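What follows is a single structure, written as structure tokens, with notes after it.
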Amino acid sequence: MSLVVVVVYPELLGTYGDGGNGVVLWRRARWRGIRSELLMASSDQPLPDGDVYCLGGGEDGPQVQAAAALRSDGRLQGAADEGAVVLAVCAGYQIIGTSFPGADGEQHPGVGLLDVATVKGQGPRAVGEVLAGPFDPGLPFLTGFENHSGVTTVGPGASPLAAVQVGSGNGVGPGHLTEGAVSGRVMGTYLHGPVLARNPALADLLLDWGLKGAAERRGQELPTPLAVLDDAEEEALRAERLASGSPGRRRSRRRHRTAPAGDDLRGVP
Ligand code: GLN
């Protein structure tokens, strides 16, 4: 088993640290002894072949550039058609949809991987912690941080990822309090964090999809279920974030014990 994780255009879509999603997938594969490669794909090069593509958040101008480059490159669409996983966050989420607003106030065409359309919201920018309950019953609550002005409508070709408990997610107003969208192995979300560092179960869902897609494309046997990792540190962070993000606790300034930092906490390179 092997996995190629591609972080798409970090120089354009790297404002919010979402490249960490690629690092999380790469590390969680390697911690399990799965060969994994992490590629940083720059927009002046053809997009490489990969099993999982991660797109991050960015500013309005670079976002338009990234969408244009992806549309003319074509590889992301091809890879998604072949069953690769796409995880796209915020600006990335907007550009894999059908249209989104640019810095010029005009609507721009997206890559069209996901049936979502984004317009500029009329209200204040959505900034802050988000708590959302996934519609996939196998996933626990999602936590993350949002910072966007776009409001996103999920069309019939995709399903919302989660129901917002705290925050704005796809939009404000009754009936719009959903977060993110998913169709097949393509997922978009407004959650920064990076979202996969804050939600290891979501990381493992995408890892599982990525390994299945890789096996299908290479004509290999389907992977066995992922080995369980010791996520005590991730869970401590989640508990802290869930508590501080919950509706009754948003103003709380409680101090929390933090997990020690380290790159090789599980002793596996
Ligand atoms: N520019 C987009 C918006 O404000 C995306 C921002 C982001 O990626 N955080 O809606």
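Data for the structure
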| item | result |
| --- | --- |
| Residue match in segment 67-79 (condition: in contact with a helix residue (DSSP H, G or I) (Cβ under 9 Å, 6 or more places away or on another chain), free of Cβ contacts under 8 Å to residues at least 12 places away in the same chain and open to solvent by 40 Å² or more (accessible area, probe 1.4 Å)) | no |
| Subset tally (residues that are open to solvent by 10 Å² or more (accessible area, probe 1.4 Å), in contact with a helix residue (DSSP H, G or I) (Cβ under 6 Å, 6 or more places away or on another chain) and free of Cβ contacts under 8 Å to residues at least 60 places away in the same chain) for segment 84-122 | 3 |
| Residue under evaluation residue 4, criteria (1) open to solvent by less than 20 Å² (accessible area, probe 1.4 Å); (2) under 20 Å from residue 205 (Cβ atoms), criterion not met | (1) |
| Checklist (1) more than 16 Å from the ligand (Cβ to nearest atom); (2) surrounded by fewer than 20 Cβ atoms within 10 Å (Cβ to Cβ); (3) modelled with pLDDT of 95 or more applied to residue 142, failing item | (2) |
| Test: residue 167 is small (Gly, Ala, Ser) and within 16 Å of the ligand (Cβ to nearest atom) | yes |
| Which numbered condition residue 217 fails, given (1) at pLDDT 95 or above; (2) in a helix (DSSP H, G or I) | (1) |
| Residue count for segment 31-64, restricted to those that are in a helix (DSSP H, G or I) and away from the ligand (no atom under 16 Å from the Cβ) | 1 |
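The values are calculated or read from the model by the stated rules, or taken from the named source; none is laboratory data. The shown structure was predicted, so the numbers you read here are calculated from the model rather than taken from an experiment. Neighbour counts run over all protein chains shown; Cβ positions are idealised from the backbone, glycine included. Note: accessible area is taken over every heavy atom of the protein model, side chains too, but ligands, DNA and RNA are not part of it. Shrake-Rupley method; radii C 1.70, N 1.55, O 1.52, S 1.80 Å.
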